[in-house]
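Right, one structure below, let's go through it.
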Amino acid sequence: MIAGVGIGFRRPHFDALPALLEARPTAVDFVEVVAETFVLGGPHEARALERIQRCVPVLAHGVSSSIGGPTPFDEDWTSALKHWLERHRLTEFTEHLSWSSAGGAHSLELLPLPFHTDSARWAAARTRELSERLERPVWLENTAFYAVQPGSEQDLSAWTTEVLERADCGLLLDLANLWVNAVNHDRDPEADLLAMPLHRVRQVHLAGSRFEEAWGVRVDDHASAIPAEVLSLYQKLMARIGPVPTLVEWDQSIPTLDVLLDEVARVRAVHSSRDLLDEAHP
Amino acid sequence: MSGLPPSLARYFEHAVPLVMGSLGELDDETRAGWMQASLGDSPSGTARLALARGFVRWQARHAMGALYARLRRTWDIEEPGRFDGVVMQWVDGHHASSGDPSSIGAGFDAFLSALDPPAPPWAPEMADLAFSQIAFRCEHPAHGLRPHALRFYQFVPQTTERRPAAWVLSLADDGRAQWVGVGKGEVLALARAQGETDLPEPSDTERDAGERFVRELSVRFVPS
């Protein structure tokens, strides 16, 4: 059972994080790994993961399955992914509710779909298909988007709800993405949060972002500390649903582990607040 | 799986060229305008819709910059900014072939060989994808003062002599750090000795050089 606050296992910490957890297994409660790094990696990556797994629980996260994409799943990829999940006894898999590839070309970007019932049906069917291929639950993560796509008929929260209901799957709620979207589209982040299918939340992501002047948007870049606004949303979420496994994401300009552990401490202060627990479970 | 709804098929007919097609002389906003003319307006506006192409290009450039960090640094010494310009050309029409971002570099060495004006003679060799992927995966931010595993070696290109090579930072017998010049054969042999199995087959010359290098390892390097 995974609980508490974790961090991502990124390449610059392949040596330092296992060493830290071997010395202090409670430094973090779990670790999330990007599946592509390990499935497509070699023995070094496998050994690093095995060291981590001896210390703390591990969650598997994907970035390239292209759940909403137009092209059939790459059978080589899904087969290798399933084998890797089995080998490392990883019982769930999370992926982004977006598309990223078409016809064998990978954009390396998480791209939005138009928000309407056709796309919700499509994304839900593909989620079920991926779940069947991997023989384990697939949870979906809400992503940042910078433009509402032509043909959209719903807002993101309503569309996400429809996808998750049709797929009957869990939600990896990325509060940084939710807040970035609210800022970029002049929406009320708290209202957007409450409109999400919160009863399906299985995990939370928190991360930093930056305002990109050239583009006039706030970019979800995972390259800085969690903003106070996002932490405030997190506090409201925890008060409403109680503690769920929460990840501190930092994927660009990755700092030292000390900095990441400071972030973990900030999040743990909210996550384990007795007041919040009492409010959520009176 | 089939069954893509017609409305979504129509969407992808426009979205895929917008975000991943080679734009040629069309700018991103023109392409986004065409998409809206066919599918209806985006409430976010044309400029915002066109941003997706910018994000995809940024991700591709980021992947190329990470994969070819050494090539970029070396090239910038001689021709500042040329690498970035060449990568801009490359990413307009080339994409990763898998979820591994470094797969976007497949064929980049041949592209460099055919550049006009020509790239430096050592650039295509340094852009060898297999070599670069190994070096990238072996990167270590602490600059590798622990040579007992391949991941701790630090590779940098040799810039003073015009031949394709890399330096490995290692420990000498007396414990001092030293740089040792190695080529592709040595890197492949070192990788194989450290347990890598998914490697390209070296040429006879590379294999000889690599085997010689690994034989000398026990003398020249501090054992694990």
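Read-outs: derived from the displayed coordinates by stated rules, not from any lab. What you see is a predicted model; the values in this text were computed from it and never measured. We place every Cβ from the backbone using ideal geometry, glycine too, and count neighbours over all the protein chains shown.
Between region A:195-234 and region B:63-86, what's the alpha-carbon centroid distance in Å? If you average the Cα positions of each part, the centres end up 32 Å apart.
Is region A:170-282 rounded, prolate or oblate when judged by the Cα gyration tensor, a ≥ b ≥ c being the square roots of its eigenvalues, rounded requiring a/c under 1.5 and prolate requiring a/b larger than b/c? It is oblate, given that a/c is not under 1.5 and a/b is not larger than b/c. Taking every DSSP beta bridge that has both ends in region A:1-138, the antiparallel portion is near 25%. If you take the alpha carbon atoms of chain A and fit the smallest convex hull around them, that volume is 130 Å³ per residue. Take each residue in B:55-66, count the other chain C-beta atoms within 10 Å of its C-beta, and the mean is 3. Each Lys and Arg contributes +1 and each Asp and Glu -1, all at the Cβ; summed about the Cα centre of region A:80-137, the dipole is approximately 160 debye. For region A:2-157, the residue among A:Tyr146, A:Thr37, A:Gly104 whose Cα projects farthest onto the positive side of the dipole built from Cβ charges is A:Thr37. Residue ranges A:60-72, B:201-213, A:124-136 sort as A:60-72, A:124-136, B:201-213 when ordered by packing (mean number of other C-beta atoms within 10 Å per residue, highest first). Divided by 2.2 N^0.38 Å, where N counts the residues, the Cα radius of gyration of region A:10-78 comes to 1.29.
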